[in-house]
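The values are calculated or read from the model by the stated rules, or taken from the named source; none is laboratory data. Predicted model, so just to flag it, every value in this text is computed and none were measured. Neighbour counts are summed over all protein chains in view; Cβ atoms, including those assigned to glycine, are modelled from backbone coordinates with ideal geometry.
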Amino acid sequence: MHDPNQPEPMDPLDEFESALASPPQVPVEPTEIDLSPIPLDDDAPATSATIEPDREADQIPPEPLTDAPPSLDLPSTESAPPSDLATRLETMELGIGRKLDALQTAFDREIRAESTREKVVDRLHAELQEYKQGLILGILRPIFIDLIQLHDDIGKMALAVEGDPNPEVARMRGYQQAIEDILYRQGVETFTLEGETFDPRRQRALSTVPTEDPSLNKTVAARIRKGFQTGDKVIRPEFVTVYAHKPV
């Protein structure tokens, strides 16, 4: 019959897990460590450590330097006699002199070529500007001629009523000035030659006035209309009358 005061037997699996959870304590006895210095034996032979050199490393040839400056291939003058040294120096001097002369010649030739190129560029630029001006004048010349003709017609009407107290005269003179301003903005200017000598290149003789004075021959008798020009090119010459000598 089971005794209630007797502990129940433990399952073997529970007993094994309990042993793993709380391992048995093993008593450890304290030990003493002797820290006293070890006596040295005076009779013991002294030994010294020696390092043997690396024979294989000494046999490896040194690598050549790659950063060394390039050789100038100049003749050696260390062991040369004085006469040979002077000859070599003279040869070097002559060679340097020839190279300097060649360099100076090439420099002078390049300077002359550059000067020639500049002259060619300037000439081409001038020709281009002249061609441009001629092209523009060729396109606009008919318009300029028509405006100048209108200017002359208004001038004729104003001259016809010059003496009458008519306010239209001042208005017509204002129209003439407006046309001159329009032409001026396009590079066309009016001109009147100074002096009394007739210039057939820039003036046109509408009529001649006979004179007995030979000193007045081929001089301007009266100025009829202004001339018009753009730059040095005449679009419409100045209209004048010219004296012509008529002996008695």
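Tell me, yes or no, whether the stretch 154-169 has at least one residue that is surrounded by 16 or more Cβ atoms within 10 Å (Cβ to Cβ) and closer than 30 Å to Gln129 by Cα. Don't jump to the end; show me each part of the working.
Pass one, the stretch 154-169, residues surrounded by 16 or more Cβ atoms within 10 Å (Cβ to Cβ): 154-155, 158, 169.
If we keep only those that are closer than 30 Å to Gln129 by Cα as well, we get none.
Within the stretch 154-169 (the criterion being surrounded by 16 or more Cβ atoms within 10 Å (Cβ to Cβ) and closer than 30 Å to Gln129 by Cα), the answer is no, since none of the residues qualifies.
In the stretch 112-133 there is no residue matching the filter, namely being of a type in the set (Phe, Trp, Tyr) and touching a helix residue (DSSP H, G or I) at 6+ places or on another chain (Cβ under 6 Å). Just so you know, in the stretch 212-248 the residues that are polar (S, T, N, Q) and surrounded by fewer than 17 Cβ atoms within 10 Å (Cβ to Cβ) include one that is nearest to the chain's Cα centre (by Cα), and it is Thr241.
Of all residue pairs spaced 6 or more apart or on separate chains, those with beta-carbon atoms under 6 Å, a first member in the stretch 71-94 that is of a type outside the set (Asp, Glu) and a second member that is at pLDDT 55 or above and surrounded by 10 or more Cβ atoms within 10 Å (Cβ to Cβ) are Pro75/Arg88; Thr77/Leu85. Quick check on the stretch 137-151. Is at least one of its residues at pLDDT below 90, farther than 30 Å from Arg236 by Cβ and exposed (fewer than 10 other Cβ atoms within 10 Å of the Cβ)? No, every residue in the stretch 137-151 fails to be at pLDDT below 90, farther than 30 Å from Arg236 by Cβ and exposed (fewer than 10 other Cβ atoms within 10 Å of the Cβ).
Among the residues of the stretch 226-248, the ones that are touching a residue at least 40 places away in the same chain (Cβ under 8 Å), out of contact with any Gly (no Cβ under 8 Å at 6 or more places or on another chain) and in a loop (DSSP other than H, G, I, E, B) come to 0 in all.
Counting only residues that are aromatic (Phe, Trp, Tyr) and closer than 30 Å to Glu130 by Cβ, how many does the stretch 208-248 have? Spell out the reasoning first.
Within the stretch 208-248, the subset aromatic (Phe, Trp, Tyr) is 228, 239, 243.
Now drop any that are not closer than 30 Å to Glu130 by Cβ, which leaves 228, 239.
Looking only at that region, the number is 2.
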